[in-house]
Amino acid sequence: MTTGALIFAFNNEHIDYVAMANWSAANIHRHLNIPVCLVTDKEPTAGHNFDQIILVDHPTGGGIRHFADIGQSVTWHNTNRTDAYFLTPWDQTLVLDADYVVTSNQLKTVL
């Protein structure tokens, strides 16, 4: 059975979620030792930590969220995560937010 992590990341006008996902992918490799697939709408720059990239159309809708750290409300694109198990290249998939911080191997218990 194949196992890996899937991260959805769509940048908005203020936040670079792909950069967060890239940082998270390095931690996933280090602590969980599993491959990481990014689902996004634009090819990331060279030097990323993703084992695979799936390009999809930019999701429509989502909503507006207020972020206190930037003092603004911004568009939040998260409507296509329901497609995770149709998009995943693995039999067993750990779906994580781009800003989820993996700091140990504890998630291996669910895998």
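Protein-only accessible surface at a 1.4 angstrom probe places the residues THR40, THR2 in the order THR2, THR40, largest first.
With a cut-off of 12 Å between beta carbons, the residues surrounding THR40 carry a summed charge of -3, where Lys and Arg count +1 and Asp and Glu -1. By accessible area, using a 1.4 Å probe on protein heavy atoms only, the chain has 50% of its surface on carbon and sulfur. For the pair HIS66 and SER104 in one chain, pulling the backbone fully straight at 0.36 nm per residue adds 10.7 nm over the alpha carbon distance. Note that the chain presents 57 Å² accessible area per residue, ligands and nucleic acids not counted, probe 1.4 Å. Heavy-atom accessible surface of ARG81, to the nearest 10 Å², is about 70 Å², with a 1.4 Å probe and all protein chains retained. Beta bridges per DSSP, both residues in the chain: antiparallel share near 20 percent. Taking 1.567 mPa s as the viscosity and 4 °C as the temperature, the Stokes-Einstein diffusion coefficient of the chain based on its alpha-carbon Kirkwood radius rounds to 89 µm²/s.
The values are calculated or read from the model by the stated rules, or taken from the named source; none is laboratory data. Predicted, not measured: the structure shown is a model, and the values here were computed from it. We place every Cβ from the backbone using ideal geometry, glycine too, and count neighbours over all the protein chains shown. Heads up: the accessible areas ignore ligands, DNA and RNA and are worked out on the full protein's heavy atoms, side chains in. Shrake-Rupley method; radii C 1.70, N 1.55, O 1.52, S 1.80 Å.
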